[in-house]
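Note sheet for the following structure.
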Amino acid sequence: MKTAAKTYKQLPMLADGPPGFHLLSKPSGSTCNINCTYCFFLSKEALYPNDKSRMSVETLEVYIRQLLESHTTPEVTIAWQGGEPTLMRLDFFKTAVEIANKHKKPGQNVQHTFQTNGLLLDDEWCAFFKEHNFLVGLSVDGPREIHDAYRQDRAAKGTFDRVMKGWEVLRKHEVDFNILCTVHAANEMHGREVYRFFRDELKAQWIQFIPIVERASKDTLDIANSGWGDENGRNRLLYTQTGNLVTERTVGGRQYGQFLIDVFEEWARNDVGTVFVQLFDVTLEAYTGRHMLCLHAPTCGYGPALEHNGDLYSCDHFVEPKYKLGNIHETHMQAMVASPEQRKFGNDKRDTLTAQCKRCEVLPLCNGGCPKDRFSMSKDLEPGQNYLCAGLELFYKHTQPAMRNMIMLLQQGQAPSNIMNLKAAEDERRTADMPCTCRGGKAFGDCHGNPNPPTAFGRITSAKQAILAAE
Ligand code: SF4
Ligand code: SF4
């Protein structure tokens, strides 16, 4: 290790590297204290057999130093992810903060982000997060009945109650948090309910929705359907972005779009300017030609993933041998991010668009979506169409009028939240028996026209009750 670190120091810095990038680091590799059935990252343990998957302090220092050296932007994000990063224990992150303070350049601001399943959060963790201004992402998929469908522990027991305890401690210490919710077969029909749960019960102001798309082939589908953990003593299958079949947990393409619309119709009536849904924000930005999220940017390749031992991969979704760029102990990460292979990886996103995408009305907003999901046939029977295309098209077309109105309001120097007044005026002209604006098939009065809709889950379990149940 020490020799490799010396080699790196002798390398020249690249003058033409990108000004910044968003690296996701995995200090505990793919190891996790729970066993979510859809988490294909659990299978990445197969890449490092007989390895404890814990980042050493030496690798930590090389990582943070290189990251800060590589950035010419004043803001640098140090993003902690997993597996489950709390498995590294708190002292590791105390050291990380010290190292970042030691290496940051004058005028550089460092923001730590931390994605967690919440199970190990306690007063000590949350006091630390608050003190060092960490932004914490908490993984929750909805109310208990939905969350526990796939987010289970090794005994196949739901984790909802334990996550709610973690959420309670985050709130107690006033830590900035956002909710990361995956969209899959168990919640795809419940967008509005899931969103209302986050807003009303969890008091979330920042919410991110991520579609679950698990690819498989004819040969791997059965084993993939049983989950990516190693329960039952079966051999672990390494997940790779191959195959054009999907698991039974995977969200339907069109259903993903309908889920987003269901949320959007609630948000645009009540919460513009107070609740921030990542995809809605970045879509609004995309109307001005700026793309804040790699998924819908024309090109990508500025979101590499760092494994616990310093191996750097093209992207968090492509942690597989073919996409390994090198190791930070041997090559500076800036050189790897700027390398011809990585630039090709990013530009292929634009250069491999199907003819259907190229003539699509919403291409400037969607840009064909993430390459990992491009394994379907296009309408012209061309391979490489995005599996989620039907839903993406539905979402972008449906939200166009409201997004354009918000852009117009901004251009007039008004707050985009004034869209809610326009929506209210339109709703006044609508009768209860008219089709709902979400086009989900229900009457307006039984859908988004009803401000207090009944829930499909009997009643949404309140977070407080869940915490009591966990104790
Ligand atoms: S492959 Fe997908 S997730 Fe990875 S950087 Fe490109 S768009 Fe983003
Ligand atoms: S909506 Fe479909 S066709 Fe249009 S750009 Fe996106 S993936 Fe391509």
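The values are calculated or read from the model by the stated rules, or taken from the named source; none is laboratory data. Everything numeric in this text was worked out from a predicted model, so none of it was measured. Cβ sites come from the backbone with ideal geometry, for glycine too, and all protein chains shown count toward neighbours.
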Have a look at N450, N418 and point out the one that is out of contact with any Cys (no Cβ under 8 Å at 6 or more places or on another chain), assigned to a helix (DSSP H, G or I) and surrounded by 14 or more Cβ atoms within 10 Å (Cβ to Cβ). N418
Neighbours by Cβ (under 8 Å, 6+ apart or cross-chain): first from region 359-383, farther than 17 Å from V213 by Cβ; second more than 8 Å from ligand 2 (Cβ to nearest atom) and among the β-branched types (V, I, T): L365/T283
Just to be sure I understand, how many residues within region 29-57 are buried (at least 18 other Cβ atoms within 10 Å of the Cβ) and either part of a strand (DSSP E or B) or in contact with a Phe, Trp or Tyr (Cβ under 9 Å, 6 or more places away or on another chain) (or both)? 14
Looking at this structure, is T288 at pLDDT 95 or above and among the β-branched types (V, I, T)? no
Which one of G346, G368 is in contact with a Phe, Trp or Tyr (Cβ under 8 Å, 6 or more places away or on another chain) and among the small types (G, A, S)? G346
Looking at region 300-338 only, could you name the residues that are of a type in the set (V, I, T) and either more than 24 Å from L42 (Cβ to Cβ) or away from ligand 1 (no atom under 16 Å from the Cβ) (or both)? I328, T331, V337
State whether one or more residues within region 290-309 are more than 30 Å from F197 (Cβ to Cβ), without any contact (Cβ under 8 Å) to a residue 60 or more places away in the chain, surrounded by fewer than 19 Cβ atoms within 10 Å (Cβ to Cβ) and away from ligand 2 (no atom under 16 Å from the Cβ). yes
So for region 444-457 (the condition being at pLDDT below 95 and among the hydrophobic types (A, V, I, L, M, F, W, C)), does at least one residue qualify? yes
Just one of (1) under 20 Å from L135 (Cβ atoms); (2) in contact (Cβ under 8 Å) with a residue 60 or more places away in the chain; (3) aliphatic (A, V, I, L, M) trips up L60, so point out which. (2)
Subset tally (residues that are within 19 Å of F134 (Cα to Cα), in a loop (DSSP other than H, G, I, E, B) and small (G, A, S)) for region 146-186: 0
Here the residues within region 375-396 that are surrounded by 15 or more Cβ atoms within 10 Å (Cβ to Cβ) and more than 8 Å from ligand 2 (Cβ to nearest atom) are F375, S376, G384, Y387, G391, L394, F395
Among the residues of region 339-397, count how many are charged (D, E, K, R) and away from ligand 1 (no atom under 15 Å from the Cβ). 8
Just wondering, is there one or more residues in region 211-223 that are over 17 Å from the mean Cα position of the chain (by Cα), polar (S, T, N, Q) and outside any helix (DSSP H, G or I)? yes
If you take the residues in region 167-205 that are crowded, with 21+ Cβ neighbours inside 10 Å and acidic (D, E), which one is nearest to G440 (Cα to Cα)? E188
Does L238 satisfy the criteria of being within 19 Å of the chain's Cα centre (by Cα), of a type outside the set (K, R) and either assigned to a helix (DSSP H, G or I) or surrounded by fewer than 21 Cβ atoms within 10 Å (Cβ to Cβ) (or both)? no
If you check every pair at least six apart or on different chains, which have Cβ atoms under 7 Å apart with a residue in region 397-413 that is under 22 Å from C360 (Cα atoms) first and a residue that is among the polar types (S, T, N, Q) and surrounded by 15 or more Cβ atoms within 10 Å (Cβ to Cβ) second? T399/T283; M403/T283
Given the conditions (1) out of contact with any Asp or Glu (no Cβ under 7 Å at 6 or more places or on another chain); (2) of a type in the set (A, V, I, L, M); (3) within 16 Å of ligand 2 (Cβ to nearest atom), report the number of the one that A415 does not fulfil. (3)
